[in-house]
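The next block holds one structure in the form of structure tokens; read it before the comments.
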Amino acid sequence: MSAAAAAKPILYSYYRSSCSWRVRIALALKGIAYDQVPVNLLKDGGQQFSAEFKALNPMKQVPALKIDGIILSQSNLSILEQMGEKKMEWAQHYITSGFQALEQILQHTAGRYCVGDEVSMADLCLVPQVFNAERYKVDLAPYPTITKINKALLELEAFKVSHPSRQPDTPTEMRA
């Protein structure tokens with residue numbers, strides 16, 4: 001194995017994880033090639049609880065990025081997964097609340113993207129959240145700026161290749 005192959009980062013992620021998606025976008029924007037190891041958060045009570053994954057990441061969360069022998073991780077154990085029947089109502093309430101504030105802010109900061117015409121950290125957060133809004137059937141009509149920016153970002157290759165519908169662990173019926 002070459003030194004370059006040995007140094008290739010490994011991303012442990014779940015295709016529909018917003019946190020994982022943000023990392024995939026960032027890696028794609030930076031042109032960083034990586035290997036991906038799917039961690040199914042739903043199968044058998046969640047693969048993140050397996051002994052193998054706990055040894056890698058004691059926090060038992062995705063994403064986890066192994067780079068230069070170091071594991072970087074972030075919380076993604078969603079409260080929504082534990083809310084049962086109230087999940088849809090809860091998600092709609094909090095997404096709508098956040099989008100109402102964000103739409104007002106974007107009136108002052110937006111260009112082609114959230115902050116002018118350069119992709120920023122805000123954009124990496126926006127696209128997964130719009131995806132969640134669509135998933136939880138939030139009406140996006142009151143948020144034309146958010147909708148316009150999301151559309152522009154989804155045209156960028158980094159956002160296309162990192163989309164949940166294009167991940168190795170995406171169920172066949174959800175693939176693009």
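The values are calculated or read from the model by the stated rules, or taken from the named source; none is laboratory data. All of these numbers come straight from a predicted model, not from anything done at the bench. Cβ placement follows ideal geometry from the backbone for every residue including glycine, while neighbour counts extend to all protein chains displayed. What goes into the accessible areas is simple: the full protein's heavy atoms, side chains included, and nothing from ligands, DNA or RNA. Shrake-Rupley method; radii C 1.70, N 1.55, O 1.52, S 1.80 Å.
Summary value for the chain: 25 percent relative contact order, contacts being C-alpha pairs under 8 angstrom separated by 6+ residues. Just the protein heavy atoms count here, and of the accessible area of the chain at 1.4 Å, carbon and sulfur take up 56 percent. Lysine pairs in the chain with Cα distance under 17 Å, only those 8 or more apart or on different chains: how many are there? Taking the Cα cut-off of 17 Å, the pair count is 11. Compared with the direct C-alpha span, the chain from Asp35 to Met174 gains 47.9 nm at full extension, assuming 0.36 nm per residue. Working from Cα positions, state the angle (0 to 90°, nearest 10) between the long axis of helix 18-30 and the longest principal axis of the chain. Around 80 degrees separate the two axes. Remark: the chain is approximated by an ellipsoid whose semi-axes, taken from the C-alpha gyration tensor as √(5λ), come to 28, 21, 13 Å, largest first.
Highest mean packing comes first when the peptides 7-19, 28-40 are listed by Cβ atoms within 10 Å, giving 7-19, 28-40. Given a 1.4 Å probe and the protein chains as shown, Trp90 ends up with an accessible area of around 80 Å².
Mean-square fluctuations from a GNM of the chain, with a 10 angstrom spring cutoff on Cα atoms, peak among Pro164, Pro144, Pro63 at Pro144. Enter the angle in degrees (range 0 to 90, nearest 10) between the Cα long axis of helix 121-135 and the first principal axis of the Cα atoms of the chain, meaning the one along which they spread out most. It is inclined by approximately 80 degrees. Rolling a 1.4 Å probe over the protein heavy atoms gives the range 47-176 an accessible area of 60 Å² per residue.
Taking each DSSP H run with n ≥ 4 as -39500 (n - 2.57) and averaging over every residue of the chain yields -13000 deg cm²/dmol at 222 nm.
Taking the longest Cα principal axis of the chain as reference, the axis of helix 87-109 is set at about 70 degrees.
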